[in-house]
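Below: the structure, in structure tokens.
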Amino acid sequence: MLTTVFVIDLVCVCWAVVGAQILRFGAEEDTAVQGTGASYFAVSVLIAVGWWLSLGAAGSRNQRILGHGLEEYRRVARATFWFFGAVAIFSYVFRLELARGYVAIALPLGLVGLLFARWSFRARLVARRNEGLGLQRVLLVGAPVTVRHLARQLGSARAAGYMPVAAYVPDVYSIAQEDEAQYGIRLISGPAVTSSIVNALAASEANAVAISNGAAIPPRTLQELGWQLSARNVAMIVAPALTDVAGPRIHTQPIAGLPLIHVTTPKLDGFRGALKRGFDIVGSGLIVLVLSPVLLGVALAVRLSSPGPVLYSQARIGQGGEPFKMYKFRSMVTNADAMLGDLLRAQGSDRKPLFKVENDPRITKVGGILRRYSLDELPQLFNVLLGSMSLVGPRPQREAEVALYDDYAHRRLIVKPGMSGLWQVSGRSNLTWEQAIRFDLYYVDNWSLLGDLIILAKTFKAVVAKDGAV
């Protein structure tokens, strides 16, 4: 697996520097760097090697981050920008007249190529892991409740590469053998001593140990266990009782031999808020310009297909609980809202959040096509431009749905609702209410601009695949 990543990175950086040289200087002759005798061919070789080494030094090929989460992409981008920053400083200090056009082509060409190649590799890797191949077998150690939670979470995220195979529960906790069915893995009980845990490791044929919260293991025993696992080349993972916290929010600070974990409080204001708003304005403006023929065509189709207005507005709850009007192309008959209550009562979902009318008779023929490809939602681009919505954010919901929130769910109102979000790229209307809330809260607590870009890219894929469209 790592060999494949090495080759992918090398091909991408070579492609970028060679492409930049050809596009900037042509393919006929090798040009020398102004003021030196060095040729651009030699410079390209040095940049390709240095770039490739920087990707490794930044940890972008670390096996722990391959195939899951945004950290892999962040490290690729960070290594690329740091390397080219170093090239710029080196050129300035030694007065090398490196052509700006060459650098301006190589950097974006290589970065886009690297991200796309890593994404393609990830798709293959995740497919293999979902088939049960290339997974790291994990022995879980901890209290019954935390082990059960950890087993469920790891089991639902096979793309990360972990497969729980057994759980070692110290005998200070009482467990019944019939509990094994609740865990879905083998249960082993014994004293909280190193030798017993190592024996359980051998019996389960695991190649990693995950220590969960409430393991009831003395610090000295944990230290000895770490030594034993290191001697056997077995990974040791500590899983604190933190859920839905992204890597950039976690910082480790060693104090007096204790690895203290600091979790930063997410705040989408100040510079970060301005950055997101600027991205929304530029992004939605560009999309409106590019899709203006589509917008006009859809408007004409709606107007000619059935009586009623082209646009449909509906009250939704926005940031801070403030209501706003959300716009869509009309995809239903004109009295659709008056019919909703009776339809929901008929299918027994009038008191459920995230409701959906099955086989909705209110949808027009053209409306069905618009919904199938999410074209009815395009007018929300103007909501984004006006500031009531964002390109990416939690699902905008009706007042009746918000009234059913508990204190936990109200946190999703901290940020503006989005045209797209984690809920959409993770199943859309196929999600349960609990799953949708969890995805929305994860987004609120772990926002990043790179995350928004990836969600938008996945949105396009989900829309084209018509996956969970409403």
Residues of segment 371-384 that turn out to be out of contact with any Asp or Glu (no Cβ under 7 Å at 6 or more places or on another chain) and farther than 18 Å from Val310 by Cβ, as a count = 1
message = Under 9 Å between Cβ atoms, which residue pairs at least 6 apart in sequence (or on different chains) link something in segment 22-47 that is under 11 Å from Leu98 (Cα atoms) and of a type in the set (A, V, I, L, M, F, W, C) with a partner that is modelled with pLDDT under 80 and exposed (fewer than 12 other Cβ atoms within 10 Å of the Cβ)?
response = Val33/Glu97
message = Restricting to segment 58-83, count the residues that are more than 18 Å from the chain's Cα centre (by Cα) and either among the β-branched types (Val, Ile, Thr) or closer than 15 Å to Val112 by Cβ (or both).
response = 3
Top-ranked residue in segment 294-325 [being part of a helix (DSSP H, G or I), more than 34 Å from the chain's Cα centre (by Cα) and in contact (Cβ under 8 Å) with a residue 60 or more places away in the chain; ranked as farthest from Leu386 (Cα to Cα)] = Ser305
request  = For segment 128-140, state whether one or more residues are open to solvent by 30 Å² or more (accessible area, probe 1.4 Å) and part of a helix (DSSP H, G or I).
outcome  = yes
query = How many residues are surrounded by fewer than 17 Cβ atoms within 10 Å (Cβ to Cβ) and at pLDDT below 85 if we restrict to segment 41-62?
reply = 2
ask   = Limited to segment 184-215, what total is found for residues that are open to solvent by less than 50 Å² (accessible area, probe 1.4 Å), of a type outside the set (Ser, Thr, Tyr) and touching a strand residue (DSSP E or B) at 6+ places or on another chain (Cβ under 8 Å)?
value = 14
key: Condition met for Val333 (more than 30 Å from the chain's Cα centre (by Cα), at pLDDT 90 or above and open to solvent by less than 80 Å² (accessible area, probe 1.4 Å))   = no
query = Do you know which residues across segment 380-406 are assigned to a helix (DSSP H, G or I), crowded, with 18+ Cβ neighbours inside 10 Å and at pLDDT 95 or above?
reply = Gln380, Leu381, Asn383, Val384
remark   = Of the residues in segment 123-151, those that are within 25 Å of the chain's Cα centre (by Cα) and more than 19 Å from Met236 (Cα to Cα) number 11
inquiry  = Which residue is modelled with the lowest pLDDT, if the candidates are limited to segment 336-379 and must be under 25 Å from Ala299 (Cβ atoms) and of a type in the set (Asp, Glu)?
reply    = Asp337
key: Breaking point among (1) among the hydroxyl-bearing types (Ser, Thr, Tyr); (2) open to solvent by less than 80 Å² (accessible area, probe 1.4 Å); (3) at pLDDT below 85, for Tyr92   = (2)
message = Contact list please: Cβ distance under 8 Å, first residue in segment 79-103 and in a strand (DSSP E or B), second residue of a type outside the set (Val, Ile, Thr) and open to solvent by less than 30 Å² (accessible area, probe 1.4 Å), pairs at least six apart or on different chains.
response = Glu97/Ser91
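The values are calculated or read from the model by the stated rules, or taken from the named source; none is laboratory data. Owing to the predicted nature of the structure, the values given are computational and were not obtained by experimental measurement. In this analysis, Cβ positions are derived from the backbone assuming ideal geometry, glycine residues included, and neighbour counts consider all displayed protein chains. Protein only, heavy atoms only, side chains kept; ligands, DNA and RNA dropped before computing areas. Shrake-Rupley method; radii C 1.70, N 1.55, O 1.52, S 1.80 Å.
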